[in-house]
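A.B. asks: Let me give you the structure first, and then I'll get to my questions.
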Amino acid sequence: MTPEEFRAAGHALVDWIADHRARVPDLPVAAQVRPGEVRAALPAHAPDAPEPFAEVLADLERVVVPGVTQTQHPGFYGWFPSNASLASVLGDIASGGIGALGITWQSAPALTEVEQVVTDWLRELCGLSPEWRGAIQDTASTACLVAMLAARERASDGSEHRGGLQSLDAPLVAYTSPHAHSSVPKAVLLAGFGADNLRYVDVDPVTYAMDAEALRRAMVDDVAAGRVPAVVVAAVGTTGTTAMDPVPAIVEVAREHGAWVHVDAAMAGSAMLLPEMRHLFAGVDDADSLAWNPHKWMGTVLDTSLLYVRDVDELVSVMSTTPSYLRASTDAEVVQYKDWGIPLGRRFRALKLWFHLRLDGVEAIRARLRRDLENARWLAEQVEAEPGWRVLTPVTLQTVCLRHEPEGLTGDALDAHTLAWVEAANATGRVFLGASQLDGRWMVRVSVGAEATEREDVEALWTLLREVTGTVGD
């Protein structure tokens, strides 16, 4: 494809994207395909000759779009927001178009230094200490694994440079909440701790936040058994209920044993942009690492996850590799992001944040976050006021955990009712909701935060929920 051919195709693609975004509210929210349907609609073998761009675009419309759950839809309330602001999409296009090779500073000085700028911008915008140094990872799952590896090496006095974990006399132990994201136990396994050395710490029965005294008891017990407390992952905004683990108390307990504290604020971290919400993140500056995802609620397109560390030397000592073919005379003067994470080659992800912050502006982003908080509180108020409905957990941010509880319906029958009505709501194509378990019983999470979701959309959701449960007019 020549630059001129690219120009024509690019204009057509941008027009298609703009048209697609404009009509997203008219599409079904959930993907409208059966397993294998997308694959069956495409050729089994790659084409030998070039195809016209118009045919590719037609298949994008015909095959791909029906096979995508529309997370940009105003009726998307599932999981957590996965926004992709068009301003950041332009940055993604620019990143791909430039085609920078991000392996060392020398391979793309601008890639490194723009990333330094935007991570510093966001650190400052979130009110974090200047001690933090940041790098962009792909997801919070990777950020958690990177932090886990650094914690492992601190606790083992750099065992990777000797005999590794197999050379240790005492097992290393990791601690987290049972409500933490599934990427946390996955990171524990990948980092070599072993499932037997993961402790799920008890939580407060009302707030579902980690009980710091239970953490202290678990660590004391492990030390008495000859094990070494190595790392605590504090969930600030748990996946199920957005519970906020008490970071100051967790840090205090962890410090008694020299354990690393990683704060996973993947979705909730966007709230740090709001000065009035920063009390929820008290104590974060005393942790060892912090991860949050602008590609969730804030709205920068995937894959844009921020990992901040207080002592970058600890990270570099674990991640650094410098083969002769990558050495340069500038090495002592610059940041080498290859030593701040797992991959050697990196995309120019910083452009997505740079475009997003510059083209949308911070105050517009903050206004949208405040809108979502207000809409979640409004919904919670309606649910609490409606007979037969219940809000199950504190509405800390923008997620409302609720259940419809008809009189006399309990146990498995109530679970069946919950799963039936959430499926019925999703089947309308007007909304997408997620069911989850809390205390062993099914509930429904309404995660308000799609970029296009306004108050009238949340009002329509509430009407629909009462319709599918048969409670309108009761």
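A.B. asks: Using only Cα atoms, locate the centre of the range 29-49 and the centre of the range 254-308, then give the distance between them in Å, rounded to an integer.
C.D. replies: 38
A.B. asks: What figure in square angstrom, to the nearest 10, would you give for the accessible area of THR69 with a 1.4 Å probe?
C.D. replies: Rounded to the nearest 10, that gives 40 Å².
A.B. asks: Right, here's the next one. How would HIS161, HIS257 line up by accessible area, probe 1.4 Å, largest first?
C.D. replies: Accessible-area ranking of HIS161, HIS257, largest first: HIS161, HIS257.
A.B. asks: Please pull out the direction-averaged projected area of the range 353-474, using the convex hull of its alpha-carbon atoms, in nm² to one decimal place.
C.D. replies: Averaged projected hull area, Cα only: 8.6 nm².
A.B. asks: Then there's this: Could you tell me the largest-minus-smallest coordinate of the C-alpha atoms of the range 128-273 on each of the three principal axes, in descending order and whole angstroms?
C.D. replies: 43, 34, 28
A.B. asks: Using helices alone, I'd like the mean residue ellipticity at 222 nm for the chain: each DSSP H run of four-plus residues gives -39500 (n - 2.57), total over residue count, nearest 500.
C.D. replies: Estimated from H runs of four or more residues: -12000 deg cm²/dmol.
A.B. asks: Starting from the Cα of ASP157, step 7 Å toward the Cβ, then list every residue of the range 264-302 with an amide N under 15 Å from that point.
C.D. replies: Hits in the range 264-302 for ASP157 at 15 Å: none.
A.B. asks: Restricting to the chain, compute how many DSSP beta bridges are antiparallel as a %, nearest 5.
C.D. replies: If I count the DSSP bridges inside the chain, around 60 percent turn out antiparallel.
A.B. asks: Moving to a separate point now. What fraction, in whole percent, of alpha-carbon pairs in the range 1-151 exceed 26 Å separation?
C.D. replies: When all Cα pairs of the range 1-151 are counted, 50 percent exceed 26 Å.
A.B. asks: Percent relative contact order of the range 293-448, based on C-alpha pairs within less than 8 angstrom and at least six residues apart?
C.D. replies: Worked out over the range 293-448, it gives 15 percent.
A.B. asks: Determine one quarter of the surface area of the Cα convex hull of the range 99-190, which equals its mean projected area, and express it in nm² to one decimal.
C.D. replies: Hull-based average projected area comes out at 8.7 nm².
A.B. asks: Take the alpha-carbon centre of the range 161-199, take the same for the range 221-235, and report the distance between them in whole Å.
C.D. replies: Cα centres, the range 161-199 to the range 221-235: 10 Å.
A.B. asks: According to a simple spin-label model (label point 7 Å from Cα along Cα-to-Cβ), what is the distance in nm between SER129 and ASP313?
C.D. replies: For the pair ASP313/SER129, the computed spacing is 1.6 nm.
A.B. asks: Given a 1.4 Å probe and heavy atoms of the protein chains only, how would you sort SER182, SER141, largest accessible area at the top?
C.D. replies: Accessible-area ranking of SER182, SER141, largest first: SER182, SER141.
A.B. asks: Expected output is a single nm value to one decimal: the length gained when fully extending between HIS45 and GLU4, i.e. 0.36 nm times separation in residues minus the C-alpha distance. What is it?
C.D. replies: 11.9 nm
A.B. asks: Then there's this: Kindly write out, for the range 368-384 in residue order, the coupling ³J(HN,Hα) from the Karplus curve 6.51 cos²θ - 1.76 cosθ + 1.60 (θ = phi - 60°), rounded to whole Hz, with x marking Gly and Pro.
C.D. replies: Rounded to whole hertz, the list is 5, 4, 5, 4, 5, 4, 5, 5, 5, 5, 4, 4, 4, 5, 5, 5, 5.
A.B. asks: A further question on this structure: May I ask you to list the trypsin sites (Lys or Arg not before Pro) in the range 118-189 that are in a DSSP loop and have at most 11 other Cβ atoms within 10 Å of their Cβ?
C.D. replies: Passing both the DSSP loop test and the Cβ count: ARG162.
A.B. asks: When a/c is below 1.5 the answer is rounded, else prolate if a/b is larger than b/c, else oblate, so apply that to the range 267-383 with a ≥ b ≥ c taken from the square roots of the Cα gyration tensor eigenvalues.
C.D. replies: Judged from the Cα gyration tensor, the range 267-383 comes out prolate (a/c at least 1.5, a/b above b/c).
A.B. asks: Strictly greater than 13 Å: what percent of every Cα pair in the range 187-250 meets that?
C.D. replies: Every Cα pair in the range 187-250 considered, those over 13 Å come to 66 percent.
A.B. asks: Give a quick list of GluC sites (Glu not before Pro) in the range 397-462 that DSSP marks as loop, anything other than H, G, I, E or B, with at most 16 other Cβ atoms within 10 Å.
C.D. replies: Here the GluC sites (Glu not before Pro) that fit, given the DSSP loop and packing criteria, are GLU407, GLU454.
The values are calculated or read from the model by the stated rules, or taken from the named source; none is laboratory data. It should be emphasised that the depicted structure is a prediction, and the values quoted were computed from it without experimental measurement. Note that we place each Cβ from the backbone using ideal geometry, even for glycine, and neighbour counts take in every protein chain shown. Areas reflect the complete protein model, heavy atoms only, side chains present, ligands, DNA and RNA absent. Shrake-Rupley method; radii C 1.70, N 1.55, O 1.52, S 1.80 Å.
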